[in-house]
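**Q** This is the structure I have questions about; it appears just below.
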Amino acid sequence: MSDYAEDKPLIVIAGPTASGKTSLAIRLAEEFLGEIVSCDSVAVYREMEIGTAKPSHEERALVPHHMIDIVWPDEPCTAGDYSRQAREALAGITQRGHVPIVAGGTGLYLRALIDGLAPAPPRQPALRERLRSRADERGAEHLHRVLRRLDPAAARAIHANDIPKAIRAIEVSLAARRPLTEQWQKGRDALTGYRILRLGLAPQRELLYERINQRAAAMFERGLIEETERLLARYGDDCRPLGSLGYAEAAAVLRGDLTREEAVARAQQGHRNYAKRQGTWFRREHGMHWLHGPGSDAGVEEQARDLVQKHLKGNRI
């Protein structure tokens, strides 16, 4: 009990896309002198605003935010890169006497931050090129099927359109002759010095899907196609983040492969599928306190506030 009480408090807010993590994180940060550490694999990229659902600049002005806009779209940012920089942010927050609040829906990044990652085998450029060629020839879904056979858990965490991540997961699994997720369990450098409160948002499915559909449609209304066009002109078709949800569909409109209406519908479906995978991932996380509603719900805010108050007092929950 004494070791637990001496550790610094850390709040984690996880859950599927459009579940209201940003809203809840800001409310808690305002009340408990917190700073927010984003845990989103696309929000790390500069110039990608509309399709990432980052906190708005007005929201970021309310409380300090970290791990947003840290790299350019043509720069790599792996889970390991994220973990190292996010841990530095946590240390800075606690040194200032504030409460770090990690908020986001990228399960792999959250696991890398808290549990650490096993050392990965060396990269194999030739294998990677063969996998890229196969993706070009047969499509992203074929590559994702290969990953599902090799490592079903990794496939649940990686979107079918995220070809670079799928390629890396297949490459690592084949190189080590062991699924990537099994390798995560060995040789990890787990985060220490923190007592962690994990809050999971779980809105009712129909409500969540309604929120997802509205958000996806709003992205296109706000100019996602135009933003994608600017990014493609600057960084090219091979820019990895532009294969993510929303941007991929906007790029298909620009190529003439989809109408705007088809792109909106496909993006909505893609985000709903992603939310299902996120729910599966986070339900397997140990010690999650589930809040059954969106983060903006008054009842959810009250439950979260009570849990955080107890946690900050050093009580086990």
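The values are calculated or read from the model by the stated rules, or taken from the named source; none is laboratory data. What you see is a predicted model, and the numbers here were worked out from it, not measured in a lab. Backbone-built Cβ (ideal geometry, glycine too); neighbour counts: all protein chains shown.
**Q** Just wondering, is there one or more residues in the range 284-294 that are farther than 24 Å from G200 by Cβ and outside any helix (DSSP H, G or I)? Give the derivation first.
**A** First, pick out the residues of the range 284-294 that are farther than 24 Å from G200 by Cβ: none.
Scanning the range 284-294 turns up no residue that is farther than 24 Å from G200 by Cβ and outside any helix (DSSP H, G or I).
**Q** Please go through the range 281-317 and pick out each residue that is hydrophobic (A, V, I, L, M, F, W, C) and in contact (Cβ under 8 Å) with a residue 60 or more places away in the chain.
**A** W281, F282, M288, W290, L291, V300, A304, L307, V308, L312, I317
**Q** Further, regarding this structure: Examine the range 143-154 for a residue that is in a helix (DSSP H, G or I), at pLDDT 85 or above and of a type in the set (G, A, S), and state whether such a residue exists. Break it down stepwise before answering.
**A** The initial filter retains those residues of the range 143-154 that are in a helix (DSSP H, G or I), namely 143-150, 152-154.
Applying the additional criterion that residues be at pLDDT 85 or above yields 143-150, 152.
From the residues that got through so far, the ones that are of a type in the set (G, A, S) too are none.
Checking the range 143-154: not a single residue is in a helix (DSSP H, G or I), at pLDDT 85 or above and of a type in the set (G, A, S).
Listed here are the residues, each with its yes/no results for (1) loosely packed, with under 15 Cβ neighbours inside 10 Å; (2) basic (K, R); (3) closer than 25 Å to H311 by Cβ; (4) touching a strand residue (DSSP E or B) at 6+ places or on another chain (Cβ under 6 Å).
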position: P76; (1), (2), (3), (4): yes, no, no, no
position: H98; (1), (2), (3), (4): no, no, yes, yes
position: G104; (1), (2), (3), (4): no, no, yes, yes
position: Y109; (1), (2), (3), (4): no, no, yes, no
position: A112; (1), (2), (3), (4): no, no, yes, no
position: A126; (1), (2), (3), (4): yes, no, no, no
position: E129; (1), (2), (3), (4): yes, no, no, no
position: G139; (1), (2), (3), (4): yes, no, no, no
position: D151; (1), (2), (3), (4): no, no, no, no
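**Q** Report yes if G116 is at pLDDT 95 or above and either crowded, with 19+ Cβ neighbours inside 10 Å or not hydroxyl-bearing (S, T, Y) (or both), otherwise no.
**A** It is false that G116 is at pLDDT 95 or above and either crowded, with 19+ Cβ neighbours inside 10 Å or not hydroxyl-bearing (S, T, Y) (or both).
**Q** Okay, moving on. Pairs, please: C-beta under 7 Å, at least 6 apart or cross-chain, first residue on the phi > 0 side of the Ramachandran plot and in the range 208-225, second surrounded by 20 or more Cβ atoms within 10 Å (Cβ to Cβ) and assigned to a helix (DSSP H, G or I)?
**A** Between residues of the range 208-225 that are on the phi > 0 side of the Ramachandran plot and residues that are surrounded by 20 or more Cβ atoms within 10 Å (Cβ to Cβ) and assigned to a helix (DSSP H, G or I), the close pairs are G223/I50.
**Q** Applying the selection to the range 241-267, what residues are buried (at least 20 other Cβ atoms within 10 Å of the Cβ) and part of a helix (DSSP H, G or I)?
**A** P241, L242, Y247, A248, E249, A250, A251, V253, A263, V264, A267
**Q** If you don't mind, another one. When residues of the range 275-317 are filtered for being in contact with a strand residue (DSSP E or B) (Cβ under 6 Å, 6 or more places away or on another chain) and among the polar types (S, T, N, Q), how many remain?
**A** 1
**Q** Being closer than 19 Å to G97 by Cα, touching a strand residue (DSSP E or B) at 6+ places or on another chain (Cβ under 6 Å) and surrounded by 21 or more Cβ atoms within 10 Å (Cβ to Cβ) is the filter here, so list the residues in the range 1-27 that pass it.
**A** L10, I11, V12, A25
**Q** Could you grab me the full set of residues in the range 43-53 that are in contact with a helix residue (DSSP H, G or I) (Cβ under 8 Å, 6 or more places away or on another chain) and crowded, with 20+ Cβ neighbours inside 10 Å? Steps first, answer last, please.
**A** Taking the range 43-53 as the starting set, the residues that turn out to be in contact with a helix residue (DSSP H, G or I) (Cβ under 8 Å, 6 or more places away or on another chain) are 43-45, 47-51, 53.
Once the filter is applied, which keeps residues that are in contact with a helix residue (DSSP H, G or I) (Cβ under 8 Å, 6 or more places away or on another chain) and crowded, with 20+ Cβ neighbours inside 10 Å, the range 43-53 yields A43, V44, Y45, M48, I50, G51, A53.
**Q** Filter the range 15-57 for residues that are of a type in the set (A, V, I, L, M, F, W, C) and assigned to a loop (DSSP other than H, G, I, E, B); which is farthest from A157 (Cα to Cα)? Quick ask: steps written out before the conclusion?
**A** Keep residues of the range 15-57 that are of a type in the set (A, V, I, L, M, F, W, C), which gives 18, 24-26, 28-29, 32-33, 36-37, 39, 42-44, 48, 50, 53.
With assigned to a loop (DSSP other than H, G, I, E, B) added as a condition, the list becomes 18, 33, 39, 42-44, 48, 53.
On the way: A18: 17, L33: 32, C39: 14, V42: 14, A43: 17, V44: 18, M48: 22, A53: 19 Å.
Here the answer is L33.
**Q** Right, another one. When you look at L232, is it in the same structural domain as G51 (by TED's automatic domain parsing), closer than 16 Å to D74 by Cα and modelled with pLDDT of 95 or more, yes or no? Reasoning before the result, please.
**A** Values: in the same structural domain as G51 (by TED's automatic domain parsing): yes; closer than 16 Å to D74 by Cα: yes; modelled with pLDDT of 95 or more: yes.
Yes.
**Q** Still on this structure, please answer the following. Taking the criterion of being modelled with pLDDT of 95 or more, hydroxyl-bearing (S, T, Y) and not in a loop (DSSP other than H, G, I, E, B), would at least one residue in the range 4-14 satisfy it?
**A** no
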